[in-house]
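Working notes for the structure below.
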Amino acid sequence: MMISRKATTLALLLCGSLILAACGEEEAKVVRVASKNFTENMLMAEMMARMAEEDGLTVQRAIPYGSSAETFEALKQDKIDLYPEYNGTGLVYLGQPPMTDGDAALARVRELYGALELDWRERLGFSSDYVLVVRPEVAQGQNITKISDLARLDQIDFAADDTFVERPLDGLNPMVRRYGLKPGKVLAFDLDDGGKDKIAQAVLDGTAVVGELFRTDQQIASFDLVVLEDDLSFFPVYQPSPLVRRDALTRFPALAPALAKLENKITADAMRDMITEVELEGRSVAAVVLDYLVAVNLLEATSEAGGTAGAEPLIVALGDLDSLAGPAGKAVRAARSVFPKRSVAVERAANPLDLVTSGAARLAVAGIDSFYEVEGDNAVLTSQAEALGVVGFQVAHVVTRSGGPADLPAVTKLGVGQAGSSSDRVARMALAGLGLAEVSVVSGEAGELGIQFEAMAKGLVDAVFVMAPLGDTTVLELIEGGSFKLLPIEGWNDGNAPLRFSFLRQAQVPLGSYAGQESAVETLGVQMVLAGPSGGREAFGAQGPGTTGTATTQPIPDATILELSKALGTAEAVDPAAPVAAALRPALDEGPQPLIADPLTSLVNILAIVFLVWMVYLLVAKPPRRPDQPSDLHIIPAKSADSAEQ
């Protein structure tokens, strides 16, 4: 028995060893490609993965993996095989002084990293340098063209990504010391959470004077930011290359030739365009990379090009004025993260919900006002869509010339942009609620905000009514580009307007939100939500007095709704005035359940109890005696001797 047990134990150990060895062999056959946590690096990593797969290698992606330091550490610890790295950053990791000569920098990191058994492959063709940016008004007004000019300013507020703030040799603090700057507050943003957009937003709305970006970032051109010259050559050159473990090159002989095909294949303009497609147009990294590699003849055109695996694009409807740098962009990014195998496309309309209810779009970003229409003196719920999560909040901007009307009642003609838009709808509701029937609403076909401001400049309208998030970049640029002021919306609580238009919430435009704004401005606003086709309405509720029509598209599954709501990253609940998806409604306590169920259930329970009692009886009862079975033996104890004598 002991020999048998020992043999069994040895056999089990041997099997376990073989299984572990097999797992190790399978892992060794996979090339592990990773990236840092920003779009540019993810694009390059996906290119490397694609080229490896094209040459017959099996790839495991970790795109993104983490921050710069985390990804580099993972490479050293053999958790990944390769990722895109910059020669300037490679110098910083080893405490080397910055170098502005790309060839010399590459030669130096190759020499230094050889001792770590890491190999720098050929460069991909562009340089992604750190740059400091300011608004055009700051550059022109204070004659700032280079970083050293900032030394004239006191208490410079910076906006930067958190990695740049932490870097010990080429980050914010070393740069401040090198240029002798006087920093004020520092706003640090996470690249995983829209950091680039938030940096640009902080610069545009004046929260920060100076922002840190990459030269290839699309925000520079999108918002006309001015890049300051690095006149002391503080920043090293940042030319990307695949950084690869040498043991991976040995295990996979096809890897080096596959990566070599990417040498000098990416220009700065091409990278900027690809970043724009991902961050502003909502396309997936994989789809953008595939199209680019086909365009530069590194891959053959397939049915995947122009999309993702041939899947039908997921359409997200936006308003004509919605900026992808604001809440709408957050919604598009959330959709892309929840539907990673589908390309995400953006369609624009005056009322985005119309595209959802018609089936032309699966999702839409809309203010809660979009669910309603004015009928008589009240707002009636008419849209067959429902809220899936909170995106943000937008407020009414009533803009007029500096010498224009003093308040809203003094306005004769109010421009509201495109007919059917949120600006048009909320303006009419606000005027109805305030009893300002004498104000003429001027709408048109043009959705561009600049055209409306031109109409105001020409005297065609007295003011322009714009629904937009606070600090919207387009509104910022237009207000700061001329002599304009904001008019307050006052007296909302004087009548029954809050009851008739319960979804319009009172708000304020904080002091200093826009150029020349010397005090807070009373206004109205609405919650912005991500909406989808209705999954059915309750027979009653707090969502409006009536509905019309029927849903024309399939509702989104509850599990997907919860994923979308989580991806939006907003803790705020949907405004109760909006029809909300059942998955987001609070679960009701059903209370104590009755002990007596329906008759059929009671009968089944009784039969089950009887069956159990019968089974117990069978276990404990004596079996019946067979006819041929002898009777039980009775042993009579023998009498004692004394008893016998008696």
Only one of (1) surrounded by fewer than 23 Cβ atoms within 10 Å (Cβ to Cβ); (2) part of a loop (DSSP other than H, G, I, E, B) fails for ARG428. Which number is that?
(2)
For the stretch 376-398, indicate whether the set of residues that are free of Cβ contacts under 8 Å to residues at least 12 places away in the same chain and either assigned by TED's automatic domain parsing to the domain that holds ALA559 or part of a strand (DSSP E or B) (or both) is non-empty.
yes
Any residue in the stretch 457-474 that is among the acidic types (Asp, Glu), free of Cβ contacts under 8 Å to residues at least 40 places away in the same chain and surrounded by fewer than 23 Cβ atoms within 10 Å (Cβ to Cβ)?
no
Being free of Cβ contacts under 8 Å to residues at least 12 places away in the same chain and assigned to a helix (DSSP H, G or I) is the requirement here; does GLU137 meet it?
no
For the stretch 473-518, how many residues are within 33 Å of the chain's Cα centre (by Cα) and in a helix (DSSP H, G or I)?
8
Are any residues in the stretch 336-375 in a loop (DSSP other than H, G, I, E, B) and in contact with a Lys or Arg (Cβ under 7 Å, 6 or more places away or on another chain), and if so, which ones?
SER343
Out of all the residues in the stretch 200-216, which are closer than 23 Å to MET44 by Cα and in contact with an Asp or Glu (Cβ under 8 Å, 6 or more places away or on another chain)?
GLU212, PHE214, ARG215, THR216
Among the numbered criteria (1) more than 26 Å from PRO64 (Cβ to Cβ); (2) not small (Gly, Ala, Ser); (3) not in a helix (DSSP H, G or I), which one does VAL176 miss?
(3)
Out of curiosity, is SER423 out of contact with any helix residue (DSSP H, G or I) (no Cβ under 8 Å at 6 or more places or on another chain) and part of a loop (DSSP other than H, G, I, E, B)?
no
Is it the case that GLU53 is modelled with pLDDT of 85 or more and either surrounded by fewer than 23 Cβ atoms within 10 Å (Cβ to Cβ) or more than 24 Å from LEU249 (Cα to Cα) (or both)?
yes
Matching option when the condition is farther than 21 Å from ASP197 by Cβ, basic (Lys, Arg) and under 23 Å from the mean Cα position of the chain (by Cα), among LYS341, LYS330
LYS341
Kindly provide the set of residues from the stretch 228-282 that are of a type in the set (Gly, Ala, Ser), within 23 Å of VAL109 (Cα to Cα), touching an Asp or Glu at 6+ places or on another chain (Cβ under 7 Å) and outside any helix (DSSP H, G or I), ordered by number.
SER241
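The values are calculated or read from the model by the stated rules, or taken from the named source; none is laboratory data. Here the structure is a predicted model, which means the values were calculated and not measured. Note that each Cβ is placed from the backbone with ideal geometry, even for glycine, and that neighbours are counted across all protein chains shown.
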